[in-house]
Amino acid sequence: MSKDSRTLEEWQKEIHRIAKDKGWHEMDRNEAEIISLIHSELSEALEEYREGNMDIYYEDGKPEGYVVELVDVLIRILDHLEERDVDTEKVLREKCDYNRDRNERHGGKRI
Ligand SMILES: [Mg+2]
């Protein structure tokens, strides 16, 4: 598989286009439902971790594993951000700029 040079914005738009093509935006979903769906992907990641499936593997041609479930989280978030017309690169840049100047472990938090 070759690397591609799409920007985060281009990925966000492509992910949203695919989700729309697959009918995921034909129903109204509120923020709480979308957040729950993001949580469900995190739970899938936890289960893959518990099974020790840290790398990508294929089951009947479908990519599975811990890293795939984390990417599912990313896909759901980017789809949602595009639906809300968010300039994710701008927000990401602003938040990273803020984080860079924060105290170590944000003031000594334990975890
Ligand atoms: Mg999943």
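The values are calculated or read from the model by the stated rules, or taken from the named source; none is laboratory data. Everything numeric in this text was worked out from a predicted model, so none of it was measured. All Cβ positions, even for glycine, are placed from backbone atoms using ideal geometry, and neighbour counts span all protein chains on display.
Might you check whether a residue that is touching a Lys or Arg at 6+ places or on another chain (Cβ under 9 Å), assigned to a helix (DSSP H, G or I) and within 14 Å of the ligand (Cβ to nearest atom) occurs anywhere in segment 41-61?
From segment 41-61, those touching a Lys or Arg at 6+ places or on another chain (Cβ under 9 Å) are 41; that's our starting set.
Next, only the ones that are assigned to a helix (DSSP H, G or I) stay: 41.
With within 14 Å of the ligand (Cβ to nearest atom) added as a condition, the list becomes 41.
Among the residues of segment 41-61, at least one is touching a Lys or Arg at 6+ places or on another chain (Cβ under 9 Å), assigned to a helix (DSSP H, G or I) and within 14 Å of the ligand (Cβ to nearest atom), which makes the answer yes.
So which of Glu69, Glu82 is in a helix (DSSP H, G or I), within 9 Å of the ligand (Cβ to nearest atom) and closer than 26 Å to Glu10 by Cβ? Spell out how you get there, then give the answer.
Numbers: Glu82 fails: within 9 Å of the ligand (Cβ to nearest atom).
Step by step, each of Glu69, Glu82 is checked, and only Glu69 is in a helix (DSSP H, G or I), within 9 Å of the ligand (Cβ to nearest atom) and closer than 26 Å to Glu10 by Cβ.
Only one of Glu51, Glu89 is out of contact with any Leu (no Cβ under 7 Å at 6 or more places or on another chain) and of a type in the set (D, E, K, R). Can you tell me which?
Result: Glu51 is the single residue among Glu51, Glu89 that is out of contact with any Leu (no Cβ under 7 Å at 6 or more places or on another chain) and of a type in the set (D, E, K, R).
Pairs needed: first member in segment 35-46, over 16 Å from Leu78 (Cβ atoms); second member anywhere, at pLDDT 95 or above and part of a helix (DSSP H, G or I); C-beta distance under 6 Å; at least 6 residues apart or different chains.
Short answer, once both residue conditions are applied: Glu44/Glu69; Ala45/Tyr66; Ala45/Glu69; Ala45/Leu70.
Determine which single condition Ile111 fails, assuming it passes every other condition in (1) within 22 Å of Ser43 (Cα to Cα); (2) of a type outside the set (D, E, K, R); (3) surrounded by 10 or more Cβ atoms within 10 Å (Cβ to Cβ).
Just one mismatch for Ile111, condition (3).
Which ones in segment 60-78 are among the acidic types (Asp, Glu) and without any contact (Cβ under 8 Å) to a residue 12 or more places away in the chain?
Hit for segment 60-78 is Asp60, nothing else.
Being more than 14 Å from the ligand (Cβ to nearest atom) and either out of contact with any Leu (no Cβ under 9 Å at 6 or more places or on another chain) or part of a helix (DSSP H, G or I) (or both) is true for just one of Ile38, Ile18. Which residue is that?
Unique residue meeting the criteria: Ile18.
What about Glu26, is it assigned to a helix (DSSP H, G or I) and either over 27 Å from Asp4 (Cα atoms) or charged (D, E, K, R) (or both)?
Considered against the rule, which asks whether it is assigned to a helix (DSSP H, G or I) and either over 27 Å from Asp4 (Cα atoms) or charged (D, E, K, R) (or both), Glu26 comes out as no.
Quick one: in segment 1-15, which of the residues that are outside any loop (DSSP other than H, G, I, E, B) and among the hydrophobic types (A, V, I, L, M, F, W, C) is nearest to Ile77 (Cα to Cα)?
First pass over segment 1-15, keeping only residues outside any loop (DSSP other than H, G, I, E, B): 8-15.
Cutting the leftovers down to among the hydrophobic types (A, V, I, L, M, F, W, C) gives us 8, 11, 15.
Details: Leu8: 12, Trp11: 12, Ile15: 10 Å.
Filtering segment 1-15 for residues that are outside any loop (DSSP other than H, G, I, E, B) and among the hydrophobic types (A, V, I, L, M, F, W, C), the one nearest to Ile77 (Cα to Cα) comes out as Ile15.
Just checking, how many residues over segment 9-29 are surrounded by 13 or more Cβ atoms within 10 Å (Cβ to Cβ) and either in contact with an Asp or Glu (Cβ under 8 Å, 6 or more places away or on another chain) or closer than 21 Å to Glu69 by Cβ (or both)?
Residues that pass the stated criteria total 11.
Would you call Ala32 surrounded by 11 or more Cβ atoms within 10 Å (Cβ to Cβ) and more than 15 Å from Leu78 (Cβ to Cβ)?
In short, no.
Within segment 86-110, how many residues turn out to be touching a helix residue (DSSP H, G or I) at 6+ places or on another chain (Cβ under 8 Å) and of a type in the set (S, T, N, Q)?
Number of matching residues: 1.
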